[in-house]
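Read through the structure below, which is laid out as structure tokens, and then see the notes.
Where a number appears in this text, it was derived from the coordinates with a stated rule and is not lab data. These figures come from a predicted structure and were not determined experimentally.
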Ligand code: C2O
Ligand code: CU
Ligand code: CU
């Protein structure tokens with residue numbers, strides 16, 4: 001991390017004395033490891049039950065009573081969850097559950113969701129991550145919903161927009177905290193004609209990352225969390241630790257994996273069950289691609305078909321991935337069991353094969369212009385403590401400033417240069433993009449397949465090139481999806497003109 005003398009303007013205002021709940025945190029120091037040590041202590045003290053049947057996310061009911069319209073209500077409010085035996089944990093929830101209810105709608109539908117903010121004293125928004133919605137319906141930080149008020153989000157889901165989206169708060173300065181306290185949910189847009197066999201089912205797996213103190217509460221962010229992003233102690237699937245899913249031998253299952261954690265990189269594999277990638281953030285690939293392992297960085301989603309041809313318990317587990325870590329206390333990434341699949345001894349009903357073709361992806365081409373966005377980290381010491389900055393082109397986020405002006409309908413080439421010591425998952429609102437090139441140490445490589453993405457990891461030292469076209473005018477955010485980094489400045493504003 002570069003130590004620079006930047007003007008206070010260029011640094012996010014993160015000083016020790018600005019931080020809420022700082023003095024309520026025992027053992028706080030500047031060592032950069034406190035958060036994780038506390039986490040480890042908490043882990044020792046708090047055991048979460050494992051092996052319960054995988055809970056299906058509650059479906060958000062459509063109140064419209066007619067096709068083509070999805071109408072519902074989402075209320076964000078304080079709630080309690082029971083993660084550990086005999087302990088109530090105060091959380092934030094949508095309609096009382098965390099993760100929030102699963103939203104399922106179809107291409108071509110109109111969506112009208114009333115959002116009520118019942119979080120005490122905090123503004124919030126609902127951001128429709130990855131979805132092609134108008135800028136003024138996208139829950140940007142510029143459009144806060146004050147505590148105790150409500151608003152309607154209304155948008156149409158265009159034909160061809162089927163994909164694996166999600167929703168979460170995006171209020172200025174509070175996104176990271178509201179998300180780790182429990183506010184995030186899955187939004188699946190279904191295709192009217194889907195080539196993937198219905199026999200595979202369609203199971204949503206939302207990964208979150210819980211840290212519990214010994215008293216069952218969620219500790220506030222430490223300095224280490226602010227630098228590295230908050231990594232918890234328990235990676236949960238649909239709110240449960242290592243739940244169990246029963247399938248018949250020979251079954252193929254369609255799984256949608258969501259990394260809804262603040263900052264946990266998940267490199268994943270199933271032991272003894274081959275994975276086939278059929279879709280990414282913005283929907284299906286042109287053709288299925290076999291994969292031995294996948295890397296899902298914060299904010300990303302992937303759609304898989306997994307073939308369970310071997311009997312016995314099959315686990316979904318994590319592999320080591322070094323995403324760059326500041327200070328000591330790098331969490332152990334490898335060897336976590338996220339999900340156990342119990343495959344029956346007897347073979348179940350025969351499953352149709354994975355179709356060879358899914359849906360065509362038209363490559364974006366001939367960019368009208370290119371842009372370069374350089375990601376850096378800065379750190380400076382002053383009398384009040386340590387100031388950290390996460391910058392794009394040397395600037396920290398300013399809601400009142402437009403960083404980029406673009407034109408609706410025009411294809412642009414974006415070059416994202418990571419000159420920092422950590423990986424930064426880069427996200428753009430309002431559209432899906434196509435990654436065309438990775439460059440590292442002068443070596444250029446192409447991605448293995450064409451895909452629609454809204455979030456992509458840019459490894460430290462990497463330059464990534466993508467093609468992007470915004471169809472709708474308005475102001476859009478682009479940022480690192482490590483939510484603490486977004487909050488500390490690594491975000492900009494793109495103004496798309498008509
Ligand atoms: Cu999911 Cu602006 O983010
Ligand atoms: Cu987003
Ligand atoms: Cu980042």
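A full extension of the chain between residue 449 and residue 328 corresponds to an added length of 39.9 nm, given 0.36 nm per residue minus the alpha carbon distance. With a ≥ b ≥ c taken as the square roots of the eigenvalues of the C-alpha gyration tensor of region 50-95, please select rounded if a/c is under 1.5 and otherwise prolate if a/b is larger than b/c or oblate if it is not? Oblate is the answer for region 50-95, as a/c is 1.5 or above yet b/c matches or exceeds a/b.
Averaging 1/r over every pair of different alpha carbons in region 93-189 and inverting the result gives a Kirkwood radius of 13.5 Å. Relative contact order (percent) for the chain, with alpha-carbon contacts under 8 angstrom and 6 or more residues of separation? That works out to 17 percent. Using 0.36 nm per residue and subtracting the Cα-Cα separation, the extra length available between residue 440 and residue 372 on full extension is 22.9 nm. The convex hull defined by the C-alpha atoms of region 415-498 has an orientation-averaged projected area of 5.7 nm². Taking the DSSP bridge list for region 69-190 and keeping only pairs wholly inside it, about 65 percent are antiparallel.
Values of log10 I(q)/I(0) for region 327-418 across q = 0.17, 0.19 Å⁻¹ run -1.00, -1.08, by the Debye formula with one identical scatterer at each alpha carbon and no solvent. Shape summary: the chain maps onto an equivalent ellipsoid whose semi-axes, from the alpha-carbon gyration tensor, are 32, 28, 24 Å in decreasing order. Specify whether the C-alpha gyration tensor of region 325-364 places it in the rounded, prolate or oblate class, a ≥ b ≥ c being the square roots of the eigenvalues: rounded for a/c under 1.5, otherwise prolate if a/b is larger than b/c and oblate if not. Oblate shape, in that a/c is at least 1.5 and b/c is the bigger or equal ratio.
Overall shape: oblate for region 136-254, with the ratio a/c of the largest to smallest alpha carbon gyration tensor axis at 1.5 or above and b/c at least equal to a/b. All distinct Cα pairs of region 198-347 go into the 1/r average, and the inverse of that average, the Kirkwood radius, is 16.3 Å.
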